[in-house]
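Below is one structure, written out as structure tokens; the observations come after it.
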Amino acid sequence: MSREQQAVARARKAFETGRSKCVEYRIYQLKNLQQLFTEKQKQIADAVKKDLNKSEVGTQLYETLGLEGEIDLAIRKLKEWAAPRPVEKNLLTLSDTVYIQPEPLGVVLIIGAWNYPWAVTIQPLIGAIAAGNAAVVKPSEVCVHTAKLMEEVLPLYIDKELYPVVTGGVPETQELLRQRFDHIFYTGNSMVGKLIMAAAAKHLTPVTLELGGKSPCYIDKNCDISIACRRVAWGKYTNCGQTCIAPDYILCEPDLQDRVINEIKKSIQEFYTDNPKTCPDYGRIINQRHFKRIMTMLEDSHTAVGGDNDESDCYIAPTVLRDVKPEAKVMQEEIFGPLLPILPVSGLDEAIKFINKGEKPLALYVFTADDKVIKRIRDETSSGGLLANDCLVHYSVSALPFGGVGNSGMGCYHGKFTFDQLSHKRGCLIKKLNMEGVNSMRYPPHTLKKLGWARFFILNTVDLGWMGRMALLALLAVVTAVVLQNYLF
Ligand code: NAD
């Protein structure tokens, strides 16, 4: 048995003991996870520093703060989320108990990406634990130090049989994918997303795919350009552009371009000084392969700001590209680096057309003071999420579903959405053995008269308070008795 097979078998066996289903046990595990983030903050920051050159404060701000919030929310809300959810009834089921009972799916495989290695790996785990599943956690091998630390510390805090960590690269992940899971939660690029889905199809395993793509940013002439550019610069250059929802490119009218360039340049200086290379808040490209990939994108476009680079240090300065053509290399794939192309367009109509020609993005940004522009963008395009007059922050709202659509992914998570994503919503109808007379309308011999009553009972839904329900029930009993006596027999 391979290491991967053993981990899955162990998780399955632990799940079968039933302990992960107990709500108190789930809360206990979540509290332990909470403790991990209190006690291991320093080690986490050190590992992320080595992997991505993120500062300690940056790691807390962009990685662990959100996780702490999500754990806290799950602990506070779990009993409510896990409780039966009563549903609207029709007249026929009025006296029955009808509800949705969320239940664990079983063993979930979580495959994380490297760009926010804690956030994208642990956030699905929080939902998996909350929903009562076992989970095999596979952090990205690209973040060597983080993966090692995760493998070391997770078993110290949470049930190591239920939630094993498996480290490794492509062969190990593929070995995991040959195993049978009850759900696969993958974060990464779309190409691998297709491999994940193909592997999952063999076992009819459902998947959540948190992918990426080119997230557009339209800057309208009717807005405070200085504030807009400050927010765009923050969204773009955080983590050196290696953010799935980073604004990938800007669309604006040609006569705005120079102002946009100028304002972004000012923000770069404000955030990262005149020499971002020595600024502790400016990151590095994850590895030389990605460095080379990003540098190739610069070849056929004009650099307006930045462009400096150092391969030995995986450093690429915050860069702005001007008058970029749709055919340019930088527009052919998700940039995932600190290059910000500006594509001049004649106005909102052309921007919408351009956006709709591409794949559906993970995020769509619009900067404008005009609500009509926001409304048109919302109504005439599609994307995983929509954010007006800011970047990235929709990710931090646990009450919003986070996820892609089309090429940017399927399924969603954060807050209760993660719980729901990793639960089976079991429809339950609990009847009593009395009131058999009401069922006569469905038993043969079928007649038009019975059909008429069936239409009446089934097509009328009921959404009344407790008193109303009791009154209606009494009325129904009388109607049923009359119907039975006079019409059905
Ligand atoms: P990556 O290289 O870390 O790969 C992700 C995971 O897939 C890793 O765990 C890796 O082991 C596994 N993997 C890679 N190749 C594989 C293969 N051939 N077979 C099986 N498994 C394989 O990360 P990445 O893909 O470079 O991540 C960047 C992408 O992720 C970007 O497109 C970004 O937009 C996207 N992303 C999306 C989100 C989101 O929440 N939607 C978050 C972060 C990143």
Task: Selection count, the range 402-415, where residues are within 12 Å of the ligand (Cβ to nearest atom) and either farther than 20 Å from E359 by Cα or at pLDDT below 95 (or both) - done: 2
TODO: Kindly indicate which of A113, A128, A135, A119 is within 16 Å of the ligand (Cβ to nearest atom) and surrounded by fewer than 23 Cβ atoms within 10 Å (Cβ to Cβ).
DONE: A119
- [ ] Output the number of residues of the range 311-363 satisfying the condition of being more than 16 Å from the ligand (Cβ to nearest atom), in contact with a Ser or Thr (Cβ under 7 Å, 6 or more places away or on another chain) and farther than 16 Å from T238 by Cβ.
- [x] 8
Open item on the list: So C143 ticks every box in (1) within 8 Å of the ligand (Cβ to nearest atom); (2) closer than 15 Å to Y186 by Cβ but one. Which box is left unticked?
Closed with: (2)
Task: Selected residue [surrounded by fewer than 22 Cβ atoms within 10 Å (Cβ to Cβ) and of a type outside the set (D, E)] from M197, M150 - done: M197
Open item on the list: Residues that are surrounded by fewer than 20 Cβ atoms within 10 Å (Cβ to Cβ) and assigned by TED's automatic domain parsing to the domain that holds V260, at least 1 per element: which strands (runs of 3 or more DSSP E) completely within the range 310-416 meet that?
Closed with: 319-322, 339-344, 385-388
Open item on the list: The conditions are (1) in contact with a Gly (Cβ under 9 Å, 6 or more places away or on another chain); (2) among the hydroxyl-bearing types (S, T, Y); (3) under 30 Å from V170 (Cα atoms); (4) surrounded by fewer than 22 Cβ atoms within 10 Å (Cβ to Cβ), and Y25 fails exactly one of them. Which is it?
Closed with: (3)
Task: Any chance F185 is more than 10 Å from the ligand (Cβ to nearest atom), in contact (Cβ under 8 Å) with a residue 24 or more places away in the chain and within 13 Å of the chain's Cα centre (by Cα) - done: yes
TODO: Tell me, yes or no, whether the range 153-164 has at least one residue that is within 14 Å of the ligand (Cβ to nearest atom) and surrounded by fewer than 24 Cβ atoms within 10 Å (Cβ to Cβ).
DONE: no
Open item on the list: Looking at the range 430-441, can you tell me whether even one residue there is among the acidic types (D, E) and part of a helix (DSSP H, G or I)?
Closed with: yes
- [ ] Output the residues belonging to the range 60-110 that are of a type in the set (F, W, Y) and either on the phi > 0 side of the Ramachandran plot or within 16 Å of the ligand (Cβ to nearest atom) (or both).
- [x] Y62
TODO: Examine the range 408-417 for a residue that is over 30 Å from Y218 (Cβ atoms) and in contact (Cβ under 8 Å) with a residue 24 or more places away in the chain, and state whether such a residue exists.
DONE: yes
TODO: Only residues in the range 268-284 that are free of Cβ contacts under 8 Å to residues at least 12 places away in the same chain count as the first member; pair them with residues that are part of a helix (DSSP H, G or I), Cβ under 7 angstrom, at least 6 apart or cross-chain, and list the lot.
DONE: C279/Y272
Task: Pairs where the first residue, in the range 430-449, is farther than 18 Å from V98 by Cα and the second is assigned to a helix (DSSP H, G or I) and among the β-branched types (V, I, T), C-beta under 7 Å, 6+ apart - done: G437/T480
TODO: Please tell me if I286 is in a loop (DSSP other than H, G, I, E, B), within 16 Å of the ligand (Cβ to nearest atom) and touching a strand residue (DSSP E or B) at 6+ places or on another chain (Cβ under 6 Å).
DONE: no
Task: the range 199-227, residues that are near the ligand (Cβ under 10 Å from one of its atoms), farther than 26 Å from G132 by Cβ and small (G, A, S) - done: G212, G213, S215
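This table checks each residue for (1) closer than 25 Å to R19 by Cβ; (2) in a strand (DSSP E or B); (3) in the same structural domain as S20 (by TED's automatic domain parsing).
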| site | (1), (2), (3) |
| --- | --- |
| T59 | no, no, yes |
| L67 | yes, no, yes |
| I75 | yes, no, yes |
| W81 | yes, no, yes |
| S95 | no, no, yes |
| I100 | yes, yes, yes |
Open item on the list: Going residue by residue through the range 421-435, is there one that turns out to be modelled with pLDDT of 95 or more, buried (at least 19 other Cβ atoms within 10 Å of the Cβ) and within 16 Å of the ligand (Cβ to nearest atom)?
Closed with: yes
Open item on the list: Can you tell me which condition K138 does not meet? The list is (1) under 21 Å from F15 (Cβ atoms); (2) in contact (Cβ under 8 Å) with a residue 40 or more places away in the chain, and all the others hold.
Closed with: (2)
TODO: Answer with yes or no whether G241 is within 26 Å of the chain's Cα centre (by Cα) and modelled with pLDDT of 95 or more.
DONE: yes
Task: Tally, over the range 147-156, of residues that are farther than 17 Å from P124 by Cβ and either in contact with a Leu (Cβ under 8 Å, 6 or more places away or on another chain) or β-branched (V, I, T) (or both) - done: 2
Open item on the list: Name the residue that is nearest to the chain's Cα centre (by Cα), counting only residues in the range 206-238 that are crowded, with 22+ Cβ neighbours inside 10 Å and among the polar types (S, T, N, Q).
Closed with: T208
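The values are calculated or read from the model by the stated rules, or taken from the named source; none is laboratory data. What you see is a predicted model; the values in this text were computed from it and never measured. Neighbour counts are summed over all protein chains in view; Cβ atoms, including those assigned to glycine, are modelled from backbone coordinates with ideal geometry.
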